[in-house]
1. Filter region 191-206 down to the residues that are in contact (Cβ under 8 Å) with a residue 40 or more places away in the chain and open to solvent by 90 Å² or more (accessible area, probe 1.4 Å), then identify the one that is nearest to Met225 (Cα to Cα).
2. What pairs come out if I take residues in region 225-248 that are open to solvent by 20 Å² or more (accessible area, probe 1.4 Å) and pair them with residues that are part of a loop (DSSP other than H, G, I, E, B) and among the small types (Gly, Ala, Ser) whose C-beta lies under 9 Å away, six or more apart or interchain?
3. Which ones in region 207-224 are free of Cβ contacts under 8 Å to residues at least 24 places away in the same chain and at negative phi?
4. Do we find that Tyr46 is of a type in the set (Phe, Trp, Tyr), in contact with a helix residue (DSSP H, G or I) (Cβ under 6 Å, 6 or more places away or on another chain) and touching a residue at least 24 places away in the same chain (Cβ under 8 Å) in this structure?
5. Of all residues being closer than 30 Å to Val133 by Cβ and open to solvent by 40 Å² or more (accessible area, probe 1.4 Å) in region 367-379, which is nearest to the chain's Cα centre (by Cα)? Just the residue, please.
6. Please pick out the residue among Arg312, Arg347 that is free of Cβ contacts under 8 Å to residues at least 40 places away in the same chain and within 13 Å of Gln32 (Cβ to Cβ).
7. Evaluate region 382-390: report whether one residue or more is part of a loop (DSSP other than H, G, I, E, B) and surrounded by 12 or more Cβ atoms within 10 Å (Cβ to Cβ).
8. So, in region 340-361, exactly how many residues are part of a strand (DSSP E or B) and open to solvent by less than 70 Å² (accessible area, probe 1.4 Å)?
Amino acid sequence: MYVADAHIVPPAVGDLIYNEFFGHRTVIINSQKIAQELLEKRGAKYSSRPRMTMLAEMLGWNPTLTLLPYKAESRRKQRKWIHGTFGEKKSVQGFEGLKKRETYIFVLGLMETPDDYGLHVKRFLAALVLESVYGHRITSLDDEYVTLMDSAMEATTTTGAAGGTLVDMLPFLKHMPAWMPGAGWKRAALRARKLVWEGHHLPYRMAREAIESGGAPPSLLSTLMGDSTKTGQFEQEENDIIYTTGVIYAGIPHYITEDDEYEGYQLPQDTTIMANMWAICRDERVWNDPTAFRPERFLELDPSEAEALDPRHVVFGYGRRQCPGRLFADTALFLVIATMAATLDIRKARDAEGKEIIPEVSWLPAFISPPEDFVCAIAPRSSSAKTSVADALAGASA
């Protein structure tokens with residue numbers, strides 16, 4: 001029996017959904033229990049990646065860690081490098097100054113121009129990435145490397161869903177001439193490929209020159225270059241270093257490398273496996289009123305329940321493909337959210353008649369999908385709160 005026959009509760013959807021298109025088998029997991037059983041406990045079979053014709057072969061994101069097959073030597077090497085910088089407590093502590101400075105800049109921005117909250121979020125994330133990875137400090141969103149990376153991501157998004165485009169289903173289409181009628185997707189892929197190449201190589205060249213001149217702060221790249229030079233392996237490892245620093249993270253599917261069985265359902269080798277994080281985090285069998293903003297729901301759980309239901313077991317991926325930089329991301333988010341909670345009042349905006357405006361929940365189509373802009377009211381809790389953040393920034397920047 002194949003999982004196409006599964007109709008586990010909720011019956012309208014199912015915890016396992018099977019789809020087959022032109023011989024490409026896909027199973028979608030809508031249950032945290034099943035995701036952990038298959039992707040973690042049986043990780044030896046479920047940790048590879050399907051062939052990603054558009055992303056890896058046509059756009060040039062390969063050999064980035066996210067897309068490499070599990071047994072690839074480059075994957076092992078890149079994961080070790082990233083975990084060593086962003087996944088170990090001692091190394092992550094080395095970025096505390098960066099995280100504090102950028103948190104204070106972000107919160108001050110929200111206080112001074114709250115309507116531009118989307119731009120402040122974008123700047124905060126770009127600053128953390130560029131400085132921790134390349135040692136490059138940005139002062140505004142007009143930074144040429146921020147613009148370059150944005151362009152590469154936007155161009156990638158225009159080519160379609162990761163692993164779900166027609167050329168992923170029918171790889172021979174990648175040989176279609178770009179001049180042919182109906183090959184607009186091929187022309188878009190060629191434009192994106194140029195931007196993706198530049199997004200990997202131009203920041204790398206900039207940072208490498210700064211590192212070699214002795215004028216760069218510590219970063220992932222400076223660590224990798226230093227270690228590789230010491231071992232005399234730099235020339236052999238340079239390409240892996242370039243694609244390690246230009247890595248992309250998203251919900252890339254897993255891939256079964258051996259036949260398997262789950263509760264009577266046969267899962268054949270060479271099947272793509274997708275964990276549906278959206279459904280898992282909104283499972284009403286687990287969460288009471290999952291769409292409601294109720295952070296206190298976690299305070300109502302005993303420690304063992306809280307650990308089992310920790311969203312970090314979902315959002316950072318599963319098993320041997322878990323994000324190796326999750327400690328860096330988690331600590332950065334904790335700091336910025338705690339600072340916002342301590343210094344800001346964030347409320348629903350009001351219309352001309354004084355009525356609260358309830359935003360619609362909608363999301364933009366993108367490789368990493370953000371919410372659509374919505375109106376809200378953000379203000380400092382007091383004048384002393386703004387002064388405290390400004391003083392903290394002055395101390396962090398000194």
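1. Trp197
2. Val247/Gly325
3. Arg208, Glu209, Glu212, Ser213, Gly215
4. Yes, satisfied.
5. Only one residue fits best here, namely Ile368.
6. Arg312
7. No: region 382-390 contains no residue that is part of a loop (DSSP other than H, G, I, E, B) and surrounded by 12 or more Cβ atoms within 10 Å (Cβ to Cβ).
8. Final tally of qualifying residues: 2.
The values are calculated or read from the model by the stated rules, or taken from the named source; none is laboratory data. These numbers come from a predicted model, not from an experiment. Reconstructed Cβ throughout: ideal geometry from the backbone, glycine too, with neighbour counts over all protein chains shown. When the accessible area is computed, the model is the full protein with side chains, heavy atoms only, and any ligands, DNA or RNA have been set aside. Shrake-Rupley method; radii C 1.70, N 1.55, O 1.52, S 1.80 Å.
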